[in-house]
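Engineer: After the structure tokens below, expect a handful of questions from me.
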Amino acid sequence: MSVFLSALDTSCVPTALPSIVADLDGEASFSWVGSAYTLASSAWLPLSGALAGAFGRQPIVLLALGLFFSGSILCGEAINMNMLIAGRTVQGMGGGGILAMTEIIIADLVPLKERGMFMGIMSLVWALAAVMGPPFGGALSQNNSWRWIFRINLPLTFFTFCLVFAFLKLKIPSGSITEKLKRLDWIGNALIAAATCAITVALTRGGVDVSWSSAATLVPLILGLLGAIAFFVYEANWVTTPTVPFDLLTNRTSVAGFLTTFFHSVISTAVIFYMPVFFQACIGVSPIQAGVNMFSFSFSIAPFALVGGVSAVLTKRYVPQNWIGWAIITIGTGCLSLLRADTPTAEWAGFQVLAGVGIGIVWTTVKFPILAPLPVSRNASAMALFTFSRILAQTFGITIGGAVLQNGLKMRLPAAFLALLPGNVDVSFAAIPFIPTLPAPVRVQVQQAFAESLSIVWKVLLTFCVVGLLTALLMKEIELHEETDENWDLSEAQVMVEMEPVTGLRSRRNRAQETTAEQGTSSSPA
């Protein structure tokens, strides 16, 4: 349910964004509706993972749900873009925490060797939300009821909060609040949060309201990169309990997994965000129809995500799936660059299926190379970094695609049409509401300009696909372990455990043998 909430929100907003921007007069700051969410998610995520290690999983899940609930209220009642962006920021903190904690809890409770089915189920839930989101967002925006995109989160979030509070009983670390707070890496978390924010601000503003060569873009970008370097230097030399343990990055297979996670998320986010632009601007359909047109992409992800996860468990191999998935993603993205305003339905639907199949396969199988080389005591840290990489990449997918599209449209749109738009705004989303009102000759020119500019977006993203494929080639096949971290087992009585490094790990098979032996002893005559 938690994953469904986050995924539904992510998939609803892009389709409804043109209507939201028009209603709130937010052409100058539209990109922040998406970027504020991903910025807050990625900046908050490392700290939420550390808090989960100190205070237990359940309290941080509840905190994330509370933040998501509060942010949804702000978004649903927003009277201007600033209030909407503030709400999206709070929502992002909650949404990022929800995704990270879901991954961590599954890693805690289910051995990697048996996790494929659970990964597939999570992907099915995500895909269900991705299928429902675009037409749902389009229907509400078309009827000028976009606020219900956020209001619908309130009862669902409250229901999920109650379920988690009542049934998610996990072990809680012992120690006072003061002791737990002292253990946290506050300086490291502050450095990575500041660096993430600075880089995101630079990427979001560059090419939209300021030029890429201006100080307003370069200064935060440089400061962000320096902050990231400072973070890793600090973590390597002065921290006993680092936010990112360096042993996560000491083997090439895990590193390849984290990198492919990043590139995979860049591509999938760009498809979710910019295919609705193609449908509304180039084909001229309504927001709700744009959502329906995304079905061929959304319905392709779920079954192949399940196939990828289950096949890894059955074959005890994950490298071929990643290679095959990336090859299909590369072909699918290349095909998207061929789309034009007059592309037949069968072609744009088929191209989306290709992209969706590849994205679905990699969606689940990319976690295996990350976790297989690592001890289970590093599950939480690895999944926190995995989710951080995925969410940070969403920012890159949105901003890189937006910058390329913006520059392409400024060069290709008729000058008379550009003069109708306000200055210093994102041309793509500001232009879409005007297109149906244009005379036929001008409308055709504008649609062609959008198609050609989006083609460049997909060609730029094709380079990310190639790098992702090359990165996947670095993976090695490592045996999937059967252990779970007993420090985070389910505990009906909220058993207290010491916050110390894991000293004893038992496989599920060993525990079963011990249980059988105990039963045999108890049944024997005295």
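Engineer: Out of (1) crowded, with 21+ Cβ neighbours inside 10 Å; (2) out of contact with any Cys (no Cβ under 7 Å at 6 or more places or on another chain); (3) in contact (Cβ under 8 Å) with a residue 60 or more places away in the chain; (4) closer than 24 Å to residue 11 by Cβ, what's the single condition that is false for residue 370?
Structural biologist: Condition (4) is where residue 370 drops out.
Engineer: When the residues of region 242-273 are filtered to those that are free of Cβ contacts under 8 Å to residues at least 60 places away in the same chain and either polar (S, T, N, Q) or in a helix (DSSP H, G or I) (or both), which remaining residue is farthest from residue 387 (Cα to Cα)?
Structural biologist: Filtering first and then ranking leaves 250.
Engineer: Report yes if residue 473 is more than 22 Å from the chain's Cα centre (by Cα) and under 30 Å from residue 102 (Cβ atoms), otherwise no.
Structural biologist: When the stated conditions are applied, residue 473 passes them.
Engineer: Look through 99, 63 and report the one residue that is free of Cβ contacts under 8 Å to residues at least 40 places away in the same chain and within 18 Å of residue 168 (Cα to Cα).
Structural biologist: Selected residue: 63, the only one of 99, 63 that is free of Cβ contacts under 8 Å to residues at least 40 places away in the same chain and within 18 Å of residue 168 (Cα to Cα).
Engineer: Then there's this: For the subset of region 224-246 comprising residues that are surrounded by 13 or more Cβ atoms within 10 Å (Cβ to Cβ), within 24 Å of the chain's Cα centre (by Cα) and not aromatic (Phe, Trp, Tyr), which member is farthest from residue 192 (Cα to Cα)?
Structural biologist: Looking at the filtered set, the residue picked out is 245.
Engineer: Run residue 224 past the list (1) out of contact with any Lys or Arg (no Cβ under 7 Å at 6 or more places or on another chain); (2) modelled with pLDDT of 85 or more; (3) over 30 Å from residue 409 (Cβ atoms) and report the number of the one that doesn't hold.
Structural biologist: Among (1) out of contact with any Lys or Arg (no Cβ under 7 Å at 6 or more places or on another chain); (2) modelled with pLDDT of 85 or more; (3) over 30 Å from residue 409 (Cβ atoms), the lone unmet condition for residue 224 is (3).
Engineer: So, one more: Of everything in region 364-386 that's under 13 Å from residue 472 (Cα atoms) and part of a helix (DSSP H, G or I), which residue is nearest to the chain's Cα centre (by Cα)?
Structural biologist: Within region 364-386, the match that is nearest to the chain's Cα centre (by Cα) is 367.
Engineer: What single numbered condition from (1) surrounded by fewer than 16 Cβ atoms within 10 Å (Cβ to Cβ); (2) assigned to a helix (DSSP H, G or I) fails to hold for residue 140?
Structural biologist: Answer for residue 140: the failing condition is (1).
Engineer: Also, I was wondering about something else. Filter region 171-192 for residues that are surrounded by fewer than 21 Cβ atoms within 10 Å (Cβ to Cβ) and of a type in the set (A, V, I, L, M); which is nearest to residue 48 (Cα to Cα)?
Structural biologist: Filtering first and then ranking leaves 184.
Engineer: A further question on this structure: Assess whether residue 175 counts as being at pLDDT below 80 and closer than 30 Å to residue 381 by Cα.
Structural biologist: yes
Engineer: Please specify each residue of region 192-216 satisfying the condition of being farther than 19 Å from residue 85 by Cβ, at pLDDT below 90 and assigned to a helix (DSSP H, G or I).
Structural biologist: Listed by number, the residues that qualify are 192, 215.
Engineer: Next question, about the same structure. With respect to residue 61, determine if the residue is out of contact with any Asp or Glu (no Cβ under 6 Å at 6 or more places or on another chain), under 13 Å from residue 150 (Cβ atoms) and among the β-branched types (Val, Ile, Thr).
Structural biologist: Spelling it out, it is not the case that residue 61 is out of contact with any Asp or Glu (no Cβ under 6 Å at 6 or more places or on another chain), under 13 Å from residue 150 (Cβ atoms) and among the β-branched types (Val, Ile, Thr).
Engineer: Keeping to region 21-69, report how many residues are assigned to a loop (DSSP other than H, G, I, E, B) and within 22 Å of the chain's Cα centre (by Cα).
Structural biologist: 1
Engineer: Still on this structure, please answer the following. Report whether or not residue 78 is assigned to a helix (DSSP H, G or I) and of a type in the set (A, V, I, L, M).
Structural biologist: Answer is no for this residue.
Engineer: Which numbered condition trips up residue 47, out of (1) of a type outside the set (Ser, Thr, Tyr); (2) in contact with a Gly (Cβ under 8 Å, 6 or more places away or on another chain); (3) within 21 Å of residue 171 (Cα to Cα)?
Structural biologist: (2)
Engineer: Residue 435 fails exactly one of the following numbered conditions: (1) at pLDDT below 50; (2) assigned to a helix (DSSP H, G or I). What is the number of that condition?
Structural biologist: Only one criterion is unmet by residue 435, namely (1).
Engineer: Check residue 117 against each of (1) surrounded by fewer than 22 Cβ atoms within 10 Å (Cβ to Cβ); (2) of a type in the set (A, V, I, L, M, F, W, C); (3) modelled with pLDDT of 80 or more; (4) more than 20 Å from residue 11 (Cβ to Cβ) and name the one condition it does not meet.
Structural biologist: (3)
Engineer: Got a sec? Which of 134, 111 is touching a Cys at 6+ places or on another chain (Cβ under 8 Å) and either buried (at least 18 other Cβ atoms within 10 Å of the Cβ) or more than 17 Å from residue 3 (Cβ to Cβ) (or both)?
Structural biologist: Only one candidate qualifies: 134.
Engineer: Report yes if residue 48 is crowded, with 24+ Cβ neighbours inside 10 Å, in contact with an Asp or Glu (Cβ under 9 Å, 6 or more places away or on another chain) and not charged (D, E, K, R), otherwise no.
Structural biologist: No: the conditions fail for residue 48.
The values are calculated or read from the model by the stated rules, or taken from the named source; none is laboratory data. As the structure is a prediction and not an experimental result, all values here were calculated from the model. Methodologically, a virtual Cβ is constructed for each residue, glycine included, from the backbone with ideal geometry; neighbour enumeration extends over all protein chains shown.
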